[in-house]
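The values are calculated or read from the model by the stated rules, or taken from the named source; none is laboratory data. Remember, predicted model here, so these are calculated numbers, not experimental data. Methodologically, a virtual Cβ is constructed for each residue, glycine included, from the backbone with ideal geometry; neighbour enumeration extends over all protein chains shown.
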Amino acid sequence: MEVRLTNRQQHILWATVRHYIATAEPVGSKALVEEYNLGVSSATIRNAMGVLEKSGLLYQPHTSAGRVPSDSGYRIYVDQLITPFLQDATRTEILAKEVELALQKRLQWEDWSLEALLQGAAQILATLSGCISLITMPQTTTAILRHLQLVQFEAGRVMLIVVTDGYETHSKLMDLPPTIEGIQPEPEVIDRELQIVSNFLNSHLRGRSLLELGNLDWSQLDREFQRYGEFLKNSIVELARRTHAPNATQIMVRGVAEVLRQPEFSQLQQVQTIIQLLEEEQDQLWPLIFEEPEVDEVGKPRVTVRIGTENPLEPIRTCTLISSTYRRSSIPVGSVGVLGPTRLNYESAIAVVAAAADYLSEAFK
(Lines give C-alpha, C1' and ligand atoms only; values in the text may rest on other atoms or scores of the structure.)
Protein backbone atom coordinates (compact mmCIF):
# COMPACT_ATOMS: atom_id res chain seq x y z
CA MET A 1 0.00 0.00 0.00
CA GLU A 2 1.41 3.39 -1.01
CA VAL A 3 1.72 5.88 1.85
CA ARG A 4 1.30 9.55 0.98
CA LEU A 5 2.91 11.96 3.42
CA THR A 6 2.78 15.74 3.65
CA ASN A 7 6.06 17.66 3.62
CA ARG A 8 5.77 18.14 7.37
CA GLN A 9 5.20 14.44 7.99
CA GLN A 10 8.16 13.59 5.75
CA HIS A 11 10.39 16.00 7.67
CA ILE A 12 9.30 14.58 11.04
CA LEU A 13 9.82 10.99 9.84
CA TRP A 14 13.28 11.97 8.58
CA ALA A 15 14.18 13.57 11.94
CA THR A 16 12.82 10.59 13.88
CA VAL A 17 14.89 8.11 11.87
CA ARG A 18 18.02 10.28 12.18
CA HIS A 19 17.61 10.66 15.94
CA TYR A 20 16.97 6.96 16.52
CA ILE A 21 19.99 5.98 14.41
CA ALA A 22 22.16 8.30 16.50
CA THR A 23 20.85 7.34 19.96
CA ALA A 24 19.26 3.86 19.75
CA GLU A 25 16.58 5.27 22.06
CA PRO A 26 12.85 5.64 21.27
CA VAL A 27 12.20 9.16 20.01
CA GLY A 28 9.77 11.62 21.60
CA SER A 29 8.47 14.95 20.34
CA LYS A 30 10.51 16.88 22.93
CA ALA A 31 13.78 15.53 21.55
CA LEU A 32 12.82 16.54 18.01
CA VAL A 33 11.86 20.06 19.12
CA GLU A 34 15.18 20.50 20.94
CA GLU A 35 17.51 19.04 18.33
CA TYR A 36 15.89 19.70 14.93
CA ASN A 37 14.70 22.96 13.45
CA LEU A 38 11.26 21.71 12.43
CA GLY A 39 9.50 25.04 12.96
CA VAL A 40 6.46 23.52 14.70
CA SER A 41 5.33 22.89 18.27
CA SER A 42 5.76 19.73 20.30
CA ALA A 43 2.00 19.09 20.06
CA THR A 44 2.10 19.30 16.26
CA ILE A 45 5.01 16.86 16.19
CA ARG A 46 3.13 14.43 18.47
CA ASN A 47 0.11 14.55 16.16
CA ALA A 48 2.28 13.91 13.11
CA MET A 49 4.05 11.02 14.83
CA GLY A 50 0.64 9.57 15.63
CA VAL A 51 -0.27 9.67 11.94
CA LEU A 52 3.05 8.05 11.03
CA GLU A 53 2.40 5.32 13.58
CA LYS A 54 -1.07 4.62 12.16
CA SER A 55 0.53 4.40 8.71
CA GLY A 56 2.90 1.70 9.98
CA LEU A 57 6.04 3.83 9.62
CA LEU A 58 6.70 4.22 13.36
CA TYR A 59 5.81 2.10 16.38
CA GLN A 60 6.03 2.28 20.16
CA PRO A 61 8.09 -0.51 21.76
CA HIS A 62 6.39 0.31 25.08
CA THR A 63 3.24 2.27 25.88
CA SER A 64 5.07 5.05 27.72
CA ALA A 65 8.05 5.15 25.36
CA GLY A 66 8.76 7.29 22.34
CA ARG A 67 8.58 5.92 18.84
CA VAL A 68 10.92 3.83 16.72
CA PRO A 69 11.08 3.52 12.90
CA SER A 70 9.59 0.35 11.41
CA ASP A 71 11.06 -1.42 8.40
CA SER A 72 8.53 0.48 6.26
CA GLY A 73 9.65 3.75 7.84
CA TYR A 74 13.27 3.01 7.00
CA ARG A 75 12.24 2.07 3.45
CA ILE A 76 10.58 5.45 2.86
CA TYR A 77 13.59 7.13 4.47
CA VAL A 78 15.99 5.39 2.07
CA ASP A 79 13.85 5.72 -1.07
CA GLN A 80 12.40 9.20 -0.61
CA LEU A 81 13.95 11.22 2.23
CA ILE A 82 17.74 10.87 2.10
CA THR A 83 18.20 13.18 -0.89
CA PRO A 84 15.71 16.00 -0.13
CA PHE A 85 16.72 16.27 3.55
CA LEU A 86 20.40 15.37 3.21
CA GLN A 87 22.37 17.75 5.44
CA ASP A 88 25.77 16.06 5.36
CA ALA A 89 26.27 15.46 1.63
CA THR A 90 29.84 16.66 1.99
CA ARG A 91 30.49 14.09 4.70
CA THR A 92 29.07 11.34 2.49
CA GLU A 93 31.28 12.42 -0.41
CA ILE A 94 34.33 12.56 1.88
CA LEU A 95 33.58 9.07 3.18
CA ALA A 96 33.35 7.69 -0.36
CA LYS A 97 36.70 9.31 -1.15
CA GLU A 98 38.19 7.84 2.04
CA VAL A 99 37.19 4.36 0.86
CA GLU A 100 38.82 4.89 -2.53
CA LEU A 101 42.03 6.35 -1.04
CA ALA A 102 42.28 3.63 1.63
CA LEU A 103 41.90 0.90 -0.96
CA GLN A 104 44.46 2.53 -3.24
CA LYS A 105 46.96 3.07 -0.44
CA ARG A 106 46.70 -0.24 1.40
CA LEU A 107 46.12 -2.74 -1.38
CA GLN A 108 49.15 -3.77 -3.40
CA TRP A 109 47.74 -5.41 -6.53
CA GLU A 110 51.19 -6.33 -7.88
CA ASP A 111 52.38 -8.21 -4.79
CA TRP A 112 49.30 -9.84 -3.22
CA SER A 113 47.19 -12.81 -4.20
CA LEU A 114 43.63 -12.04 -5.29
CA GLU A 115 42.18 -13.60 -2.15
CA ALA A 116 44.48 -11.58 0.10
CA LEU A 117 43.54 -8.40 -1.78
CA LEU A 118 39.82 -8.95 -1.30
CA GLN A 119 40.32 -9.85 2.36
CA GLY A 120 42.14 -6.55 2.78
CA ALA A 121 39.36 -4.70 0.97
CA ALA A 122 36.77 -6.37 3.22
CA GLN A 123 38.64 -5.24 6.34
CA ILE A 124 38.83 -1.65 5.09
CA LEU A 125 35.14 -1.70 4.23
CA ALA A 126 34.21 -3.05 7.69
CA THR A 127 36.33 -0.43 9.45
CA LEU A 128 34.94 2.53 7.50
CA SER A 129 31.29 1.40 7.52
CA GLY A 130 31.08 0.01 11.05
CA CYS A 131 29.21 -2.98 9.61
CA ILE A 132 29.96 -6.57 8.72
CA SER A 133 31.53 -6.44 5.27
CA LEU A 134 30.91 -9.08 2.62
CA ILE A 135 32.96 -9.34 -0.58
CA THR A 136 32.68 -12.26 -2.96
CA MET A 137 35.54 -13.69 -4.94
CA PRO A 138 35.13 -12.91 -8.65
CA GLN A 139 33.48 -15.45 -10.87
CA THR A 140 36.19 -16.66 -13.24
CA THR A 141 33.78 -18.29 -15.67
CA THR A 142 30.32 -17.42 -16.90
CA ALA A 143 27.92 -19.55 -18.88
CA ILE A 144 27.90 -18.78 -22.61
CA LEU A 145 24.70 -19.08 -24.64
CA ARG A 146 24.89 -21.89 -27.20
CA HIS A 147 21.21 -22.19 -28.13
CA LEU A 148 17.90 -20.67 -27.08
CA GLN A 149 14.40 -21.91 -27.84
CA LEU A 150 10.92 -20.60 -26.99
CA VAL A 151 8.23 -23.29 -26.90
CA GLN A 152 4.50 -22.90 -26.35
CA PHE A 153 3.74 -24.99 -23.26
CA GLU A 154 0.01 -24.47 -22.80
CA ALA A 155 -2.54 -21.72 -23.37
CA GLY A 156 -0.95 -18.42 -22.36
CA ARG A 157 2.32 -20.01 -21.16
CA VAL A 158 5.73 -20.35 -22.78
CA MET A 159 8.85 -22.28 -21.83
CA LEU A 160 12.26 -20.70 -22.39
CA ILE A 161 14.97 -23.35 -22.88
CA VAL A 162 18.64 -22.32 -22.81
CA VAL A 163 21.63 -24.53 -23.64
CA THR A 164 25.02 -23.24 -22.48
CA ASP A 165 28.50 -23.89 -23.84
CA GLY A 166 28.92 -26.70 -21.29
CA TYR A 167 25.86 -28.41 -22.82
CA GLU A 168 23.86 -27.75 -19.66
CA THR A 169 20.16 -27.15 -20.21
CA HIS A 170 18.15 -24.65 -18.19
CA SER A 171 14.47 -23.86 -18.55
CA LYS A 172 11.91 -21.43 -17.19
CA LEU A 173 8.12 -21.43 -17.54
CA MET A 174 6.58 -17.99 -18.11
CA ASP A 175 3.24 -16.32 -18.75
CA LEU A 176 2.97 -15.06 -22.32
CA PRO A 177 2.96 -11.22 -22.40
CA PRO A 178 -0.21 -9.60 -23.74
CA THR A 179 -0.50 -8.21 -27.25
CA ILE A 180 -1.02 -4.50 -27.85
CA GLU A 181 -4.67 -5.21 -28.76
CA GLY A 182 -5.14 -7.41 -25.68
CA ILE A 183 -6.27 -10.39 -27.81
CA GLN A 184 -4.20 -13.57 -27.67
CA PRO A 185 -3.45 -15.00 -31.16
CA GLU A 186 -4.25 -18.57 -32.18
CA PRO A 187 -1.76 -21.26 -30.98
CA GLU A 188 -0.45 -21.78 -34.51
CA VAL A 189 0.32 -18.06 -34.82
CA ILE A 190 2.08 -18.06 -31.45
CA ASP A 191 4.17 -21.08 -32.49
CA ARG A 192 5.32 -19.23 -35.62
CA GLU A 193 6.08 -16.08 -33.63
CA LEU A 194 8.06 -18.00 -31.04
CA GLN A 195 10.13 -19.73 -33.71
CA ILE A 196 10.89 -16.44 -35.46
CA VAL A 197 11.83 -14.78 -32.16
CA SER A 198 13.98 -17.80 -31.25
CA ASN A 199 15.82 -17.59 -34.56
CA PHE A 200 16.28 -13.85 -34.18
CA LEU A 201 17.67 -14.20 -30.66
CA ASN A 202 20.00 -17.05 -31.55
CA SER A 203 21.48 -15.09 -34.45
CA HIS A 204 22.12 -12.06 -32.22
CA LEU A 205 22.95 -13.63 -28.85
CA ARG A 206 24.78 -16.91 -29.52
CA GLY A 207 28.26 -16.81 -28.00
CA ARG A 208 27.45 -14.13 -25.43
CA SER A 209 27.72 -14.54 -21.65
CA LEU A 210 24.32 -15.04 -20.00
CA LEU A 211 25.17 -12.33 -17.47
CA GLU A 212 25.93 -9.95 -20.33
CA LEU A 213 22.45 -10.41 -21.79
CA GLY A 214 20.80 -8.51 -18.97
CA ASN A 215 22.61 -5.33 -20.10
CA LEU A 216 21.70 -5.48 -23.78
CA ASP A 217 19.44 -2.99 -25.52
CA TRP A 218 16.39 -5.16 -26.03
CA SER A 219 14.61 -2.41 -27.95
CA GLN A 220 16.42 -3.66 -31.07
CA LEU A 221 13.74 -6.35 -31.36
CA ASP A 222 11.39 -5.67 -34.25
CA ARG A 223 8.28 -3.83 -33.12
CA GLU A 224 6.17 -6.86 -34.06
CA PHE A 225 7.93 -8.84 -31.31
CA GLN A 226 8.46 -5.97 -28.86
CA ARG A 227 6.09 -7.53 -26.34
CA TYR A 228 8.56 -10.37 -25.82
CA GLY A 229 11.49 -8.11 -24.97
CA GLU A 230 11.04 -7.35 -21.26
CA PHE A 231 9.91 -10.78 -20.14
CA LEU A 232 12.73 -12.44 -22.12
CA LYS A 233 15.28 -10.12 -20.53
CA ASN A 234 14.00 -10.85 -17.02
CA SER A 235 13.87 -14.59 -17.66
CA ILE A 236 17.39 -14.82 -19.11
CA VAL A 237 18.81 -12.73 -16.25
CA GLU A 238 17.17 -15.11 -13.76
CA LEU A 239 18.53 -18.14 -15.62
CA ALA A 240 21.97 -16.52 -15.63
CA ARG A 241 21.86 -16.28 -11.86
CA ARG A 242 20.79 -19.89 -11.56
CA THR A 243 23.69 -21.06 -13.73
CA HIS A 244 26.08 -19.29 -11.37
CA ALA A 245 26.77 -22.08 -8.87
CA PRO A 246 28.19 -20.22 -5.85
CA ASN A 247 30.99 -21.65 -3.76
CA ALA A 248 30.35 -21.20 -0.04
CA THR A 249 33.99 -20.19 0.50
CA GLN A 250 33.74 -17.24 -1.87
CA ILE A 251 32.52 -14.61 0.60
CA MET A 252 35.13 -12.64 2.54
CA VAL A 253 33.59 -11.64 5.89
CA ARG A 254 35.05 -9.01 8.23
CA GLY A 255 33.82 -6.85 11.13
CA VAL A 256 31.57 -9.39 12.87
CA ALA A 257 32.72 -8.86 16.46
CA GLU A 258 32.22 -5.09 16.46
CA VAL A 259 28.75 -5.14 14.90
CA LEU A 260 27.44 -7.86 17.21
CA ARG A 261 28.14 -5.58 20.18
CA GLN A 262 25.30 -3.33 19.01
CA PRO A 263 22.23 -3.34 21.33
CA GLU A 264 20.10 -4.93 18.59
CA PHE A 265 22.13 -8.13 18.96
CA SER A 266 21.79 -8.65 22.71
CA GLN A 267 20.10 -12.05 22.33
CA LEU A 268 22.65 -14.88 22.23
CA GLN A 269 20.50 -17.10 20.02
CA GLN A 270 20.15 -14.34 17.40
CA VAL A 271 23.91 -13.82 17.36
CA GLN A 272 24.50 -17.55 16.94
CA THR A 273 22.15 -17.81 13.95
CA ILE A 274 23.83 -14.85 12.21
CA ILE A 275 27.31 -16.29 12.79
CA GLN A 276 26.15 -19.69 11.55
CA LEU A 277 24.80 -18.08 8.37
CA LEU A 278 28.05 -16.18 7.77
CA GLU A 279 30.34 -19.12 8.52
CA GLU A 280 28.46 -22.27 7.53
CA GLU A 281 25.55 -21.31 5.26
CA GLN A 282 27.08 -18.83 2.84
CA ASP A 283 25.45 -20.63 -0.07
CA GLN A 284 22.12 -19.16 1.14
CA LEU A 285 23.53 -15.66 1.49
CA TRP A 286 25.42 -15.60 -1.80
CA PRO A 287 22.41 -15.13 -4.16
CA LEU A 288 21.22 -12.13 -2.11
CA ILE A 289 24.42 -10.13 -2.29
CA PHE A 290 25.14 -11.11 -5.89
CA GLU A 291 21.70 -10.00 -7.07
CA GLU A 292 22.12 -7.62 -9.98
CA PRO A 293 20.99 -4.10 -8.89
CA GLU A 294 18.97 -1.77 -11.08
CA VAL A 295 20.83 0.89 -13.04
CA ASP A 296 20.42 4.64 -12.71
CA GLU A 297 19.79 7.21 -15.44
CA VAL A 298 23.36 6.99 -16.78
CA GLY A 299 23.47 3.19 -16.75
CA LYS A 300 25.48 2.86 -13.53
CA PRO A 301 24.34 0.08 -11.16
CA ARG A 302 22.50 1.31 -8.12
CA VAL A 303 23.12 -0.06 -4.66
CA THR A 304 20.55 -2.63 -3.48
CA VAL A 305 19.19 -2.07 0.06
CA ARG A 306 17.25 -4.88 1.82
CA ILE A 307 15.74 -3.72 5.11
CA GLY A 308 14.66 -6.08 7.90
CA THR A 309 11.81 -8.31 6.80
CA GLU A 310 12.66 -7.66 3.13
CA ASN A 311 15.46 -10.17 3.68
CA PRO A 312 14.17 -13.69 2.95
CA LEU A 313 16.66 -15.37 5.31
CA GLU A 314 15.37 -15.62 8.88
CA PRO A 315 18.71 -14.94 10.66
CA ILE A 316 19.03 -11.48 9.08
CA ARG A 317 15.40 -10.34 9.13
CA THR A 318 16.31 -7.82 11.84
CA CYS A 319 19.25 -6.54 9.75
CA THR A 320 19.87 -4.36 6.73
CA LEU A 321 21.88 -5.77 3.82
CA ILE A 322 23.35 -3.24 1.38
CA SER A 323 25.11 -4.55 -1.70
CA SER A 324 26.30 -3.79 -5.21
CA THR A 325 28.25 -5.66 -7.88
CA TYR A 326 31.73 -5.04 -9.20
CA ARG A 327 32.38 -5.72 -12.85
CA ARG A 328 34.88 -6.77 -15.44
CA SER A 329 33.97 -4.62 -18.44
CA SER A 330 30.17 -4.60 -18.34
CA ILE A 331 29.76 -8.06 -16.80
CA PRO A 332 29.17 -8.41 -13.04
CA VAL A 333 31.75 -10.82 -11.62
CA GLY A 334 31.48 -10.26 -7.87
CA SER A 335 29.72 -8.30 -5.16
CA VAL A 336 30.41 -5.94 -2.29
CA GLY A 337 28.07 -5.64 0.67
CA VAL A 338 27.64 -4.61 4.28
CA LEU A 339 25.36 -6.15 6.90
CA GLY A 340 24.27 -4.30 10.02
CA PRO A 341 21.26 -3.52 12.18
CA THR A 342 18.35 -1.72 10.55
CA ARG A 343 19.41 1.19 12.75
CA LEU A 344 22.44 2.19 10.71
CA ASN A 345 23.68 5.30 8.95
CA TYR A 346 22.19 4.57 5.54
CA GLU A 347 23.77 7.52 3.76
CA SER A 348 27.28 6.50 4.80
CA ALA A 349 26.77 2.76 4.28
CA ILE A 350 25.37 3.25 0.78
CA ALA A 351 28.23 5.58 -0.12
CA VAL A 352 30.86 3.14 1.20
CA VAL A 353 29.43 0.17 -0.73
CA ALA A 354 29.11 2.15 -3.95
CA ALA A 355 32.68 3.48 -3.66
CA ALA A 356 34.14 0.02 -2.96
CA ALA A 357 32.25 -1.52 -5.89
CA ASP A 358 33.43 1.25 -8.21
CA TYR A 359 37.03 0.84 -7.07
CA LEU A 360 37.02 -2.94 -7.59
CA SER A 361 35.39 -2.51 -11.01
CA GLU A 362 38.17 -0.14 -12.05
CA ALA A 363 40.83 -2.45 -10.62
CA PHE A 364 39.48 -5.49 -12.46
CA LYS A 365 39.72 -3.72 -15.81
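Listing for the model above:
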{"read-out": "Single condition Glu100 does not satisfy, out of (1) in the same structural domain as Pro341 (by TED's automatic domain parsing); (2) more than 18 Å from Ile350 (Cβ to Cβ)", "value": "(2)"}
{"read-out": "Subset of region 192-213 [without any contact (Cβ under 8 Å) to a residue 60 or more places away in the chain, surrounded by fewer than 17 Cβ atoms within 10 Å (Cβ to Cβ) and in contact with a strand residue (DSSP E or B) (Cβ under 6 Å, 6 or more places away or on another chain)]", "value": "Asn202"}
{"read-out": "Checklist (1) crowded, with 18+ Cβ neighbours inside 10 Å; (2) assigned to a loop (DSSP other than H, G, I, E, B) applied to Ile76, failing item", "value": "(2)"}
{"read-out": "Matching residues in region 198-224 - criterion: being part of a helix (DSSP H, G or I), at pLDDT below 65 and in contact with a helix residue (DSSP H, G or I) (Cβ under 6 Å, 6 or more places away or on another chain)", "value": "Trp218"}
{"read-out": "When residues of region 45-68 are limited to those that are touching a residue at least 12 places away in the same chain (Cβ under 8 Å) and over 18 Å from Arg18 (Cα atoms), the one surrounded by the most Cβ atoms within 10 Å (Cβ to Cβ)", "value": "Ser55"}
{"read-out": "Test: residue in region 292-309 that is part of a helix (DSSP H, G or I) and in contact with a helix residue (DSSP H, G or I) (Cβ under 8 Å, 6 or more places away or on another chain)", "value": "yes"}
{"read-out": "Selection from region 316-331 of residues that are buried (at least 20 other Cβ atoms within 10 Å of the Cβ) and in contact with a helix residue (DSSP H, G or I) (Cβ under 6 Å, 6 or more places away or on another chain)", "value": "Ile322, Ser323, Ser324, Tyr326, Arg327"}
{"read-out": "Answer from Ile322, Ile350 - the residue that is closer than 25 Å to Gln267 by Cβ, at pLDDT 85 or above and either of a type outside the set (Asp, Glu) or in the same structural domain as Ile251 (by TED's automatic domain parsing) (or both)", "value": "Ile322"}
{"read-out": "Contacts under 9 angstrom Cβ, first residue in region 259-274 being touching a residue at least 40 places away in the same chain (Cβ under 8 Å) and farther than 15 Å from Ala126 by Cβ, partner of a type in the set (Asp, Glu) and assigned to a helix (DSSP H, G or I), 6 or more apart", "value": "Gln270/Glu264; Thr273/Glu314"}
{"read-out": "Odd one out for Thr16 among (1) assigned to a loop (DSSP other than H, G, I, E, B); (2) in contact with a Pro (Cβ under 9 Å, 6 or more places away or on another chain); (3) not aromatic (Phe, Trp, Tyr)", "value": "(1)"}
{"read-out": "Residue selected from region 122-142 under the condition hydroxyl-bearing (Ser, Thr, Tyr) and touching a strand residue (DSSP E or B) at 6+ places or on another chain (Cβ under 9 Å), by the criterion modelled with the lowest pLDDT", "value": "Thr140"}
{"read-out": "Matching residues, region 169-197, being assigned to a loop (DSSP other than H, G, I, E, B) and either modelled with pLDDT of 85 or more or among the aliphatic types (A, V, I, L, M) (or both)", "value": "Leu176, Ile180, Ile183"}
{"read-out": "Which listed residue is surrounded by 13 or more Cβ atoms within 10 Å (Cβ to Cβ), on the phi < 0 side of the Ramachandran plot and not aromatic (Phe, Trp, Tyr), from Glu25, Glu34", "value": "Glu25"}
{"read-out": "Hey, Gly166 in a loop (DSSP other than H, G, I, E, B), at pLDDT below 80 and not assigned by TED's automatic domain parsing to the domain that holds Gln284 or not", "value": "yes"}
{"read-out": "Those residues of region 330-351 which are within 14 Å of the chain's Cα centre (by Cα) and among the hydrophobic types (A, V, I, L, M, F, W, C), in sequence order", "value": "Val336, Val338, Leu339, Ala349, Ile350, Ala351"}
